[in-house]
Structures are given as C-alpha cells and as structure tokens.
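Visitor: The structure that follows is given in the form of structure tokens.
The values are calculated or read from the model by the stated rules, or taken from the named source; none is laboratory data. Values in this document were obtained by computation on a predicted structure and should not be read as measured data. Because the Cβ atoms are built from the backbone with ideal geometry, glycine has one as well, and the counts that use them run over all protein chains shown. Protein only, heavy atoms only, side chains kept; ligands, DNA and RNA dropped before computing areas. Shrake-Rupley method; radii C 1.70, N 1.55, O 1.52, S 1.80 Å.
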Amino acid sequence: MYKKDFEIRWSDVDGNGHMANSAYLNFMSHTRVGFLNEHGFSMKQLIEYGIGPVVFSEKIHYFKESFLGQTLTVTLAVAGLSDDGMFFKFEHNLYNQKGKHVATCDILGAWMNLKTRSLTILPEQLKTLVSQFPKSSNFKVLTKEDTRQSGKRPQNLEL
C-alpha cells in the first residue's frame, strides 16, 4: 500500500470550518501522481508515450470531519486493472493523525492517447510495469463493462 501525508492548510478548509471536498480530491490526486512516479510512470515518460490518465468517476464516502492544521495520511491501493492495461481502479483511504478512518474513495479511470484524445491500451513496457503494481485484497480484473456500471449516460442540453 502506498502512503502520503498532508497537512490541512487554510486553503483546504471550507465555510463550515472543515476540510472542503475539493481538498480531498486534490490530496488523492497528488497521492496518485506520487504512486505513478514511484512505479515508473513519470510525467516525462508519459509524454514520451503520448498518453495520460483520465478519471471516469470518483466515489467518496466521508466518515469523520477533518480540520485546519491536522495531518491526513492518504493511502492508495490498486483495486482493479484490465488485462490490456487500458482501465484502472484505485482505492484511496484517508486517516487522521490518530489513525481514525475519515474517508474512502474509489477512482475509476483509463489511459488516453493525448493526440487522438481517445482511450488506449498501454505500450508493452508500461503494461509490464502495471502488472507489477501492488494490488489490494479486493483486486479485480476490469473489463469495459465495469466502466459502465453506474448506468450514467450523457444527455445533451437542447439549445
């Protein structure tokens, strides 16, 4: 399991005096970038391959408030990968300095070709690295159907 610590700053707090939901998303995003960097997916390498990660959904459950000046530990576990490396699912858990579980979040995403702006499978070298990612106890091999489970579809505004 990958871990990263964050101090809750003034800019992370909302009008209710607790950590804003956008700050949770930022902390988790920063954790994912750190994880990817440590596992061979640096920004430089991704640019060389012309790919980047795209998030489909982030499903957050909050358990306990977090406040200014507290330290949060954000963990990342790989909960799912497709065989071709296109799709991924990460599980984040957030804990306060006393080890209390304050939130959890499942992130579902894929890799995108930055030129065509379409989803893409990973090059073999990166697919090998992905296969070596540490996996969660509830790890699942993902399929395209797993990315459609929400049932949400775009509905354009009639202009």
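Visitor: Being out of contact with any helix residue (DSSP H, G or I) (no Cβ under 8 Å at 6 or more places or on another chain) and either surrounded by 15 or more Cβ atoms within 10 Å (Cβ to Cβ) or closer than 14 Å to Glu91 by Cα (or both) is the filter here; which residues of segment 16-26 pass it?
Guide: Result: His18, Tyr24, Leu25.
Visitor: In the set Leu46, Leu76, Leu36, Leu72, which member is of a type in the set (A, V, I, L, M), surrounded by 13 or more Cβ atoms within 10 Å (Cβ to Cβ), closer than 15 Å to Asp106 by Cβ and under 19 Å from the mean Cα position of the chain (by Cα)?
Guide: On the way: Leu46 fails: closer than 15 Å to Asp106 by Cβ; Leu36 fails: closer than 15 Å to Asp106 by Cβ; Leu72 fails: closer than 15 Å to Asp106 by Cβ.
That would be Leu76, the only listed residue that is of a type in the set (A, V, I, L, M), surrounded by 13 or more Cβ atoms within 10 Å (Cβ to Cβ), closer than 15 Å to Asp106 by Cβ and under 19 Å from the mean Cα position of the chain (by Cα).
Visitor: Let me ask another. Cβ-Cβ below 9 Å, separation at least six or inter-chain, first residue in segment 138-159 and within 29 Å of Leu76 (Cβ to Cβ), second among the basic types (Lys, Arg): which pairs?
Guide: Phe139/Lys89; Lys140/Lys89; Leu142/Lys89; Asp146/Lys89; Asp146/Lys140; Ser150/Lys59
Visitor: Can you pull out the residues in segment 49-66 that are open to solvent by less than 80 Å² (accessible area, probe 1.4 Å) and among the hydroxyl-bearing types (Ser, Thr, Tyr)? Quick ask: steps written out before the conclusion?
Guide: Of segment 49-66, the ones open to solvent by less than 80 Å² (accessible area, probe 1.4 Å) are 49-55, 57-58, 60, 66.
Result: Tyr49, Ser57, Ser66.
Visitor: Could you tell me which of the residues Gly99, Gly85 is on the phi > 0 side of the Ramachandran plot, modelled with pLDDT of 95 or more and either more than 10 Å from the chain's Cα centre (by Cα) or open to solvent by 50 Å² or more (accessible area, probe 1.4 Å) (or both)? Quick ask: steps written out before the conclusion?
Guide: On the way: Gly85 fails: modelled with pLDDT of 95 or more.
After applying the criteria, what remains is Gly99.
Visitor: Taking segment 105-116 as the region of interest, how many residues are without any contact (Cβ under 8 Å) to a residue 60 or more places away in the chain and open to solvent by 30 Å² or more (accessible area, probe 1.4 Å)?
Guide: Filtering segment 105-116 down to residues without any contact (Cβ under 8 Å) to a residue 60 or more places away in the chain leaves 106, 108-110, 116.
In the following step, the residues that additionally are open to solvent by 30 Å² or more (accessible area, probe 1.4 Å) were identified as 106, 116.
The total comes to 2.
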